[in-house]
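Right, one structure below, let's go through it.
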Amino acid sequence: MQKLVGYSGEGDFSHRKSMYTNPMDLGIFSSLGHHVEVYSLPCKRSRISAPFVFSGEVCKKQKTTIEVLPDECLFEIFRRLGGNKERSSCASVSKHWLMLLSTIHTDEISQASEKESIPIEGHLSRCLEGKKATDVRLAAIAVGAATCGGLGKLSIHGNNVVRGVTDFGLTAVARGCPSLTDLSLWNLSSISDEGLVEIASGCHQLEKLDLCQIPSISSKSLLAIANNCPNLSELSIESCSNIGNEGLQAIGRSCHNLKSISIKNCSLVGDQGIASLLSSASYSLTKVKLQTLNIGDLSLAVIGHYGIALTDVVLAGLPKVTEKGFWVMGNGRGLQKLRSLMITSCFGVTDLGLEAVGKGCPNLKQFCLRKCALLSDNGVRSFAKSALSLESVLLEECNRVTQCGVFSILVNCSNNLKSLTLENCYGIKDLALKIPLSRCNAFRSLSVRNCPGFGNNSLVLFGNLCPQLRNVEFTGAHGITDEGLTPLVRCCEAGLIKVNLTGSVNLTNNMVSEITKVHGGTLEILNLDGCRSVTDASLVAIASNCLKLSELDVSGCTITDSGIAALACATQLNLHILSISRCRLVSDKSLPYFAKLGVVGLNLQKCDRMSSCGVGRLVDHLWHCDILS
Amino acid sequence: MSKKTLTLMSKDKQLFNIEEHLAVQSVTIRNMVKEDGASSVIPLPRVDSETLALVIEYLNRQQAPEEDEDYVKKFVDERGEIPTLLELAQAALDLDIKKLMDAACMKVADLIKDFTLEEVREALRIENDRTPEEEKAIRDEFQWAF
């Protein structure tokens, strides 16, 4: 008797112990309390050690229903339910049943009853956001997914504060969805390593894992993923403050298919983790993105030496990396396949550092450099001399770079360069330079955004160098006048397709007329937003010269109803989108013309002289047209 | 030793005798016998006398091993009432008699899977314990089931 009372329920007796480890789970079970007093305790262990009261009340024959059965017994019954459909309909009976069914591992479903044992392939994808992200929903997905082809992709975004996703929900997914390949978890404060360890042990097919703002998971999770998911090819970790070097080491050691890695804002990640990850995954890794990390020169040295398969590298916000780091990266001679390099806010990008990078990456095609304040023209020039394959270059907030540096890129990379973008570069002044006249025959696209010093002299140079120019964008370039634009416009032999002159306050009707005369046969998109000096005369020129124009933006220009009338009367014109917002001289008289234009998009915002009832009638009449008003 | 008799006591204090070599088909009883010889009465406070009688009937069967599968199936089929089956499944689980538990659980599973949702809730007197929000989440996931 003594032995029996003391029997702890260990051993063969309690084969489903793990079911009770979750607090949420216990909460559900305790809801059974009101049915029968004696059976109210959640697990077998407690029931047996409960005092035996042989009073009449307890001995009174209770009609047994499924709800008063211990969960082990229910579990055994559910395990034997035939197909997926039967399991799903039982899951619909009550929350308790759903939760219990979701703890059944697919391997534990009795083989004898599995009539439809087709391999699950994972066709479904589910995205739970905000309030919808609950354990109940995950449990339902876990039980139901097998019926509809198996879960392939799962995203859980945002935090449900009241009943958020916990380890219980992840465990259900791990048990019910072995076909899962993509998992994305954002902003979940109530899940821990336990949930991810379950996922790792249940979902061996995992290929993509994205973790963002999950403060309580640590390297332990990554360790489990590394040991159980050999197919992992993409890993992204952002703002997970407890993940450290050991996790990354394990991933590098075990995931031989890893192709892409992105790590952002993880304070425990250091050189050691990055170095061992990159050196182990050397042959498979093609994309690396490192942002806002406390890593130093060692990490860049490893990239330069071991990055033999790398095609895309992004480095941003790495304050500890010095000139030496970039120098070593370039001299590591490993980055032979690198095609795209983006660097933002790294003080280590100096003239010496960038020169070495240029030499080390002979096949670089795309290069973006943002907020690197120490770089000067010399660095850009020597970089351009080595990186001869460059096709596309972007410079943003590199304020020591002047147009000497910019044109050195054009001159040196003249065979391949296709596009150049300059943004917020305050170092550029409009000087008349003498440069060797070598033509950039591949050059198609030039964008200059908010560079106040960019002016007519530079335009003339571009015109001489780039006869094949197709797309030009000059935004906020107050230094540009007709004098500079005219030669550029006349030099473009191939014919301009996209022209964006937003905010060019000095632009005149003559210039617009010139552009439409020379390029009317090719021009498709023309943006004159905020060009105050442009009036109806420009619209008349557009109407008579443009054959292919499909988008026109004359917002904030000084146009009137007669300009709109001219556009509407041009029979060859086939405009799709017209924007005339802030044109305060356009009135209701234009309304019939809009109908005649046949556009599918029309922006009439802040056109004060147009009455709201007039616009309302237009909206009714042009039901097929998207009208902003 | 082999012909030793054990006494089992049900929840309602009825006593049942069974030969030890038959009783030890229950892993639970076998463990207890191993540990202290179980000379005294073995109380089974969660099994009522009706169910215990059934269990003992099963343990006392005189079947050849190859007919055992069919016997246990028939044994369970003859007691097709859900409440009886549930009691039996629970007792078999507690006493750890695998074949009996397998058969009883399988039978219950077969019975409930042909029920509709409402029939299951009614037959087993299960209350719907979900909030409207949870109800919606589950409906979305199992649309075809409703």
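Computed 3J(HN,Hα) for the range A:212-218, one whole-Hz value per residue from the Karplus formula 6.51 cos²θ - 1.76 cosθ + 1.60 where θ = phi - 60°, is 9, 6, 10, x, 8, 8, 10, glycine and proline marked x.
A DSSP coil position with no more than 13 other Cβ atoms inside 10 Å describes the following GluC sites (Glu not before Pro) in the range A:467-503: A:GLU493. Here the accessible area is traced with a 1.4 Å probe on the protein chains. For chain A, carbon and sulfur cover 52 percent of it.
If you average 1/r across every pair of different Cα atoms in the range A:490-538 and take the reciprocal, what Kirkwood value do you get, in Å? Result for the range A:490-538 stands at 11.0 Å. In this simple spin-label model, placing a label point 7 Å from the Cα along the Cα-to-Cβ direction at both B:ALA53 and A:ASN257 gives a separation of 6.1 nm. Modelled spin labels at B:LEU111 and A:ILE577, positioned 7 Å past Cα toward Cβ, are 6.7 nm from each other. For the range A:238-397, the per residue solvent-accessible surface stands at 37 Å², with DNA, RNA and ligands left out and a 1.4 Å probe.
When A:GLU121, A:GLU194, A:GLU524 are compared by accessible area of protein heavy atoms, the largest-first order is A:GLU121, A:GLU194, A:GLU524, using a 1.4 Å probe.
On the principal axes of its alpha-carbon atoms, the range A:298-356 has extents of 26, 19, 18 Å, going from largest to smallest.
Entry note, chain B: the mean residue ellipticity at 222 nm calculated from DSSP H runs of n ≥ 4, each adding -39500 (n - 2.57), is -16500 deg cm²/dmol after division by the residues and rounding to the nearest 500. Treating the angle as unsigned and between 0 and 90°, give the value, to the nearest 10°, between the Cα long axis of helix A:219-228 and the longest Cα principal axis of chain A. Tilt relative to chain A: about 80 degrees. Two numbers describe the Cα atoms of the protein assembly as shown: Rg and Dmax, which are 38.0, 118 Å.
So if I take the centroid of the Cα atoms in the range A:345-385 and the same for the range A:438-509, what is the distance between those two points in Å? So the two Cα centres are separated by 25 Å. Note on exposure: A:SER612, A:SER345 ranked by accessible area (1.4 Å probe, complete protein assembly) read A:SER612, A:SER345, with the most exposed listed first. The figure for A:THR475 is an accessible area of roughly 40 square angstrom, using a 1.4 Å probe on the protein chains alone.
Against the criterion of solvent-accessible heavy-atom surface with a 1.4 angstrom probe, A:ASP626, B:ASP12, A:ASP377 sort, most first, into A:ASP626, B:ASP12, A:ASP377.
For the pair A:HIS157 and A:LYS434 in one chain, pulling the backbone fully straight at 0.36 nm per residue adds 94.1 nm over the alpha carbon distance. Computed from the Cβ-Cβ distance with R0 of 60 Å, the FRET efficiency linking A:ALA595 to A:ALA373 stands at 0.65.
Across the range A:437-500, how large is the tail of the calculated P(r) beyond 14 Å, expressed as a percent of all Cα pairs?
The answer is 52 percent, as a whole percent.
Secondary structure note: in the protein assembly as shown, about 5% of the DSSP beta bridges are antiparallel.
Translational diffusion coefficient of the range A:264-381 (Stokes-Einstein, Kirkwood radius from Cα pairs, 20 °C, 1.002 mPa s): 157 µm²/s. Is the range A:477-629 rounded, prolate or oblate when judged by the Cα gyration tensor, a ≥ b ≥ c being the square roots of its eigenvalues, rounded requiring a/c under 1.5 and prolate requiring a/b larger than b/c? Prolate, because a/c is 1.5 or more and a/b exceeds b/c.
Loop-located chymotrypsin sites (Phe, Trp or Tyr not before Pro) in the range A:273-371 (DSSP state not H, G, I, E or B) with no more than 13 neighbouring Cβ atoms inside 10 Å: A:TYR283.
When Rg and the Kirkwood Rh are both derived from Cα coordinates, the Rg/Rh ratio for the range A:197-253 amounts to 0.92. Solvent-accessible area lost on pairing B with A (1.4 Å probe, both sides summed) amounts to about 5000 Å². Estimated at the nearest 10 Å², the accessible area of A:HIS105 is 50 Å² with a 1.4 Å probe.
Beyond 19 Å, the tail of the calculated P(r) for the range A:413-539 holds 44 percent of the Cα pairs.
The values are calculated or read from the model by the stated rules, or taken from the named source; none is laboratory data. Every value quoted in this text rests on a predicted model; they were computed, and no experiment measured them. Note that each Cβ is placed from the backbone with ideal geometry, even for glycine, and that neighbours are counted across all protein chains shown. Quick note on the areas: whole protein, heavy atoms, side chains included, nothing else; ligands and nucleic acids left out. Shrake-Rupley method; radii C 1.70, N 1.55, O 1.52, S 1.80 Å.
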